[in-house]
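Presented below is the structure to which this report refers.
The values are calculated or read from the model by the stated rules, or taken from the named source; none is laboratory data. The structure displayed is predicted, hence computed values, not measured ones. All Cβ positions, even for glycine, are placed from backbone atoms using ideal geometry, and neighbour counts span all protein chains on display. In case anyone asks, the SASA skips ligands and DNA or RNA and just uses the protein heavy atoms, side chains included. Shrake-Rupley method; radii C 1.70, N 1.55, O 1.52, S 1.80 Å.
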Amino acid sequence: QVQLVESGGGLVQPGGSLRLSCTAAGRIFSIYNMGWYRQAPGKQRELVASITTGNSTNYLDSVRGRFTISGNNAKNMVYLQMNSLKPEDTDVYYCHADVPTKRDWGQGTQVTVSS
């Protein structure tokens, strides 16, 4: 099992920036993919961005060009730099890590974009 701890959420005005961080511990040698999902109350969780250990990335269309995912394999961390934030980016953001047999999740961090 992989344990994940997120940080960096908060309240920001429209057009502002936030950087989310996620630290992995446990069976980190098995991780081949990490990323971020987000979920609003009553809605399905959606993929925001992901990155493989080979640094291949994937983004939700609505965040492409505004968000950047990056990883630090040596520190077992993944980051999500969020720029030009919009009110519709308000959600709980969850870090995930994929190993061959399962996906593990962090506890989530709230991002609120509001004036």
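Debye sum, Cα scatterers, segment 13-52, no solvent: what log₁₀ I/I(0) at q = 0.14, 0.17, 0.26 1/Å?
These q points yield log10 I(q)/I(0) values of -0.49, -0.68, -1.04.
Report ³J(HN,Hα) in whole Hz for each residue of segment 28-33, in order, from the Karplus equation J = 6.51 cos²θ - 1.76 cosθ + 1.60 where θ = phi - 60°; Gly and Pro get x.
With coefficients 6.51, -1.76 and 1.60, one gets 5, 5, 8, 5, 10, 7 Hz.
Given 0.36 nm per residue, what is the gain on full extension from Gln13 to Leu60 after removing their alpha carbon distance, in nm?
Separation in residues times 0.36 nm, less the Cα-Cα distance, equals 14.8 nm.
Going 7 Å from the Cα of Glu46 along its beta-carbon direction, which residues of segment 7-22 have the amide nitrogen within less than 18 Å of the resulting point?
Answer for this model: 15.
Could you give each residue of segment 53-64 its phi-based ³J(HN,Hα) in whole Hz, using Karplus coefficients 6.51, -1.76, 1.60 with θ = phi - 60°, and x for Gly or Pro?
Going residue by residue, I get 5, x, 6, 7, 10, 9, 10, 5, 4, 6, 10, 4 Hz, with x marking Gly and Pro.
Long-range amide H contacts for Thr90: which residues qualify at under 5 Å (H placed 1.01 Å from N, peptide plane, sequence gap of 5 or more or a different chain)?
Placed amide hydrogens put Val113 under 5 Å from Thr90.
Where does each of Met82, Met77, Met34 land when they are ordered by accessible area, with a 1.4 Å probe and the largest first?
Sorted descending by solvent-accessible area, the residues read Met77, Met34, Met82.
Taking the Cα centre of each part, how many Å lie between segment 1-33 and segment 59-87?
Value for the Cα centre distance between the two parts: 10 Å.
Given a 1.4 Å probe and every protein chain left where it sits, what share in percent of the accessible area of the chain is carbon and sulfur?
The C+S portion of the solvent-accessible surface of the chain is 48 percent.
Give, rounded to the nearest 20 debye, the magnitude of the charge dipole that the chain has about its Cα centre when Lys and Arg contribute +1 at Cβ and Asp and Glu contribute -1 at Cβ.
The dipole of the chain has a size of about 120 debye.
May I ask you to give the solvent-accessible area per residue for the chain, in square angstrom, as obtained with a 1.4 angstrom probe?
For the chain, the per-residue accessible area is 52 Å².
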